[in-house]
Amino acid sequence: AFGARIVAMPLDVADRAAVDAAMAKIRTEHGPIAGVIHTAMVLEDGLLSGQTRDQLSTVLRPKVLGIAALDEATRDDDLQYFVAYSSATTLIGNPGQGAYILANAFLEGFMRKRRAAGRPGLAIAWGAIADAGVIARDQSLGERLARTTGVTGIPAREALAHLGRLLA
């Protein structure tokens, strides 16, 4: 109704050249970029002491390099919002997800830095989304999360309503 378009483009968000190309294509085909929502994640569960460099990189790359690539690629855009999906586990912890927690803590610090520079930035520490995403695809993960942290899922429509209120 307001003329907005949502453009989803599959790419490796940690690949700066791919992100730059995607943003250029969006600007050319759809016009100015109003906002960014960064939702990339990879889980590679295990105790940090047993994780290899490759396992840590697998988890950190999409969040850490991805947010940096999106930040740089949109630096000259007049963004209304720049959102990163973090996790409630960053605050409460979750055994076996130290790398994931570290990646989300980075996102939260990154967004504080954006805001301090007068730029939009919001990291949302979501709990489990029960009917979409990784929890919906892996029921045992949702059960383990509820058992170890007490976090139970909310429906995606409720999360999206919260997102709208947070952006407002």
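The values are calculated or read from the model by the stated rules, or taken from the named source; none is laboratory data. Owing to the predicted nature of the structure, the values given are computational and were not obtained by experimental measurement. Glycine gets a Cβ as well: all are built from the backbone with ideal geometry, and neighbour counts include every protein chain shown. These area figures cover heavy atoms from the full protein model, side chains too; ligands, DNA and RNA do not enter into them. Shrake-Rupley method; radii C 1.70, N 1.55, O 1.52, S 1.80 Å.
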Task: Lone unmet requirement of (1) over 27 Å from G164 (Cα atoms); (2) of a type outside the set (G, A, S); (3) in contact (Cβ under 8 Å) with a residue 40 or more places away in the chain for L65 - done: (1)
TODO: Look at F82 and say whether it is among the aromatic types (F, W, Y), more than 21 Å from R137 (Cα to Cα), touching a Ser or Thr at 6+ places or on another chain (Cβ under 8 Å) and surrounded by 14 or more Cβ atoms within 10 Å (Cβ to Cβ).
DONE: yes
Open item on the list: Looking only at the range 51-73, filter to residues that are open to solvent by 20 Å² or more (accessible area, probe 1.4 Å) and among the hydrophobic types (A, V, I, L, M, F, W, C); which one of those is nearest to R114 (Cα to Cα)?
Closed with: A68
Task: 1 or more residues at pLDDT below 75 and either open to solvent by 30 Å² or more (accessible area, probe 1.4 Å) or touching a strand residue (DSSP E or B) at 6+ places or on another chain (Cβ under 6 Å) (or both): qualifying helices (runs of 4 or more DSSP H) within the range 95-168 - done: 133-137, 139-149
Open item on the list: So in the range 1-23, with the set limited to residues that are under 21 Å from R119 (Cα atoms) and open to solvent by less than 50 Å² (accessible area, probe 1.4 Å), which one is farthest from the chain's Cα centre (by Cα)?
Closed with: M23
Open item on the list: I'd like the residue in the range 24-38 that is in a helix (DSSP H, G or I) and among the aliphatic types (A, V, I, L, M) and, out of all such residues, is least open to solvent (accessible area, probe 1.4 Å).
Closed with: I26
